[in-house]
Structures are given as structure tokens and as C-alpha cells.
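The values are calculated or read from the model by the stated rules, or taken from the named source; none is laboratory data. All figures in this text were calculated on a predicted structure; none of them were measured in a lab. A quick note on method: Cβ atoms are made from the backbone with ideal geometry, for glycine too, and the neighbour counts reach across all protein chains shown.
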Amino acid sequence: MKNDLSALSDLAPTRRQLLGFGLVMAGAAALNVVPGFELLASAQAAVPAAAQKIADHFSAVKSMSGEFVQFAPNNQQTGGKFFLERPGKIRFNYDGSSNFRVISDGKSVVILNKKLNTSDLYPLSKTPLKLLLDDHIDLSGGRVKNIKEESDLTTIQLADKSVFGNSKITMMFDPKTYELRQWTITDAQGKDTTVMIYNVKEGVSFAADTFAIDYTANRELNTKTR
């Protein structure tokens, strides 16, 4: 993905905007259907072969890194660099003076604001982000809510109401190269946060501590803010 992007805003994302990555816990809002999607009739509905092929290809990408742009519900734009390793690991280093970090170590997801010395910890299993980071992107069963196939884009929407309520993740792939272009997390209130990735490299190696979470420090920070 080699698209050129204009300079990013230096505004730091708010905590709620960071939660748009899928760190929102279950809520009571009804699941919205994205206009233009074709709703799968049931959990047993046949998944299009092209969509499953794309999902299998993406699952086979065990590591990647690149840059990202995040578009928050209030249209605020931020960006930085990301690192991904299956299963379950991802890290976002935000640009800007607040020095935000979002890290998943395969078990938990932590939001760090080094400038304010704050930290919030969530179980990865309770977030839609888990569906993006699974070892295998499984399109069977009721998790697939919508699939849309177009000549230049294949869009797959996943949700698991029993795990993280009405939140959902919508992934968009290039139908020719099978590359992931972007994803959108919709929280329980129906608000969208979109992450577009570019300058992506696959099959990369990372330092051992790239996805490390300091649980001791996190407990101390949470205690101080209570």
C-alpha cells in the first residue's frame, strides 16, 4: 500500500477515540447495518468463496508493520506507526506530544498516555479487535454480519454479541492483492472510528519487548487515578 497522505494533525486522540479501536465494553445500543451491505440470512448462510479466500490470505500474514491514520467520530485525524503479530498482538505508537500507545500482548490491551502518566487495561477477548488479531479469521457461524463484494473492494463485517455486545468491526480488503486497507470499529453507541493503514510491510520481525505490557506499573497507575 503506497498511497501518499497529507500531513497528520498533531492533536492527540482522546481516551474515547482510542477506545474506538475496539476497546469499548458491551453496551445496550442496537447493532447497526452499514448501508449497501447484504445481510447474511443466518449463521449458516454461505460465505462467498472470494471473501473466504481473502480472509485465509490475511490470516496467513503472521506479522506486519506500517503507518496508520485514524479518523475519530468527531472527524479528528491522528496517526502514527503500527506493529502486528498473530495471534493477538498489536501496537500503535501515536504521533504527537502526548506519546499515546495502545498495546495488545495477546491477553490484554493497554492504553498508555505517557504525558499524563495514565494507563487503562482491558481484556483482549472482550473487544472486537480480537477478531482482527485471531490466528485464523473464521467467517463461519454467526459472527459474519455483512459481506459486500465490489470490483475494487471487499468488505467483511464481523461481530460477536455474546462476547462484546453491540460493538463490531468492518474490514476492507483489496480484492486483487488481498491486502487489508482499513478497518472500522463501531462501538455500542453506533459511533465509528476508522483506521487506514499504508506503507505496510509483511513478514517482519520485532524486538522481544515490542508487545510487552508492564502489569505492575499498570496496577500502580490505575490505583493512583481512582
Exercise. Hey, can you tell me all the residues within the stretch 144-160 that are surrounded by fewer than 19 Cβ atoms within 10 Å (Cβ to Cβ) and among the basic types (K, R)?
Key: K148
Exercise. Answer yes or no as to whether Q182 is at pLDDT below 95 and either at negative phi or in contact with a strand residue (DSSP E or B) (Cβ under 7 Å, 6 or more places away or on another chain) (or both).
Key: no
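Applying the selection to the stretch 175-191, what residues are in contact (Cβ under 8 Å) with a residue 60 or more places away in the chain and within 20 Å of G203 (Cα to Cα)? Steps first, answer last, please.
The initial filter retains those residues of the stretch 175-191 that are in contact (Cβ under 8 Å) with a residue 60 or more places away in the chain, namely 175, 178-181, 185-191.
Residues satisfying the conditions are Y178, E179, L180, R181.
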Practice problem: Could you tell me which numbered condition T155 fails, if it satisfies all but one of (1) in contact with a helix residue (DSSP H, G or I) (Cβ under 8 Å, 6 or more places away or on another chain); (2) closer than 14 Å to W183 by Cβ; (3) of a type in the set (S, T, Y)? | Solution: (1)
Exercise. Enumerate the pairs (first residue in the stretch 137-148 and in contact (Cβ under 8 Å) with a residue 40 or more places away in the chain; second residue anywhere and assigned to a helix (DSSP H, G or I)) with beta-carbon separation below 6 Å, excluding pairs fewer than 6 apart on the same chain, so at least 6 apart or on different chains.
Key: I137/A55; I137/F58; I137/S59; L139/Q52; L139/A55; I147/A51
Self-check item: Cross-chain or 6+ apart pairs with Cβ under 7 Å, the stretch 115-131 first and free of Cβ contacts under 8 Å to residues at least 40 places away in the same chain, then assigned to a helix (DSSP H, G or I) and aliphatic (A, V, I, L, M)
Solution: S125/V163
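To keep it simple, each residue is scored yes or no on (1) over 25 Å from K53 (Cα atoms); (2) not hydrophobic (A, V, I, L, M, F, W, C).
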position	(1), (2)
K89	no, yes
S108	yes, yes
L124	yes, no
K130	no, yes
H136	no, yes
D174	no, yes
G190	yes, yes
T193	yes, yes
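Residues to consider are V195, V204, V200, V163; find the one that is modelled with pLDDT of 90 or more, of a type outside the set (D, E, K, R) and surrounded by fewer than 18 Cβ atoms within 10 Å (Cβ to Cβ).
Details: V195 fails: surrounded by fewer than 18 Cβ atoms within 10 Å (Cβ to Cβ); V200 fails: surrounded by fewer than 18 Cβ atoms within 10 Å (Cβ to Cβ); V163 fails: modelled with pLDDT of 90 or more.
Answer to the selection: V204.
Could you list all residues from the stretch 133-143 that are in a helix (DSSP H, G or I) and on the phi < 0 side of the Ramachandran plot? Break it down stepwise before answering.
In the first step, residues of the stretch 133-143 are kept if they are in a helix (DSSP H, G or I); the result is 133, 141-143.
The answer is L133, G142, R143.
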Exercise. At least 3 residues that are closer than 18 Å to L133 by Cα in each: list the strands (runs of 3 or more DSSP E) lying fully within the stretch 144-206 that qualify.
Key: 154-158, 168-173, 180-186, 192-202
Self-check item: Scope the stretch 144-191; condition basic (K, R) and over 15 Å from the mean Cα position of the chain (by Cα); matching residues
Solution: K145, K148, K161, K176
Exercise. Give the residue, chosen from K53, K81, K107, K89, that is surrounded by fewer than 16 Cβ atoms within 10 Å (Cβ to Cβ), touching a strand residue (DSSP E or B) at 6+ places or on another chain (Cβ under 8 Å) and under 24 Å from D160 (Cα atoms).
Key: K107
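Only residues that are farther than 9 Å from G88 by Cα and either surrounded by 20 or more Cβ atoms within 10 Å (Cβ to Cβ) or of a type in the set (S, T, Y) (or both): list them for the stretch 132-142, please. Before you say what the answer is, go through the steps one by one.
The initial filter retains those residues of the stretch 132-142 that are farther than 9 Å from G88 by Cα, namely 136-142.
The answer is I137, S140.
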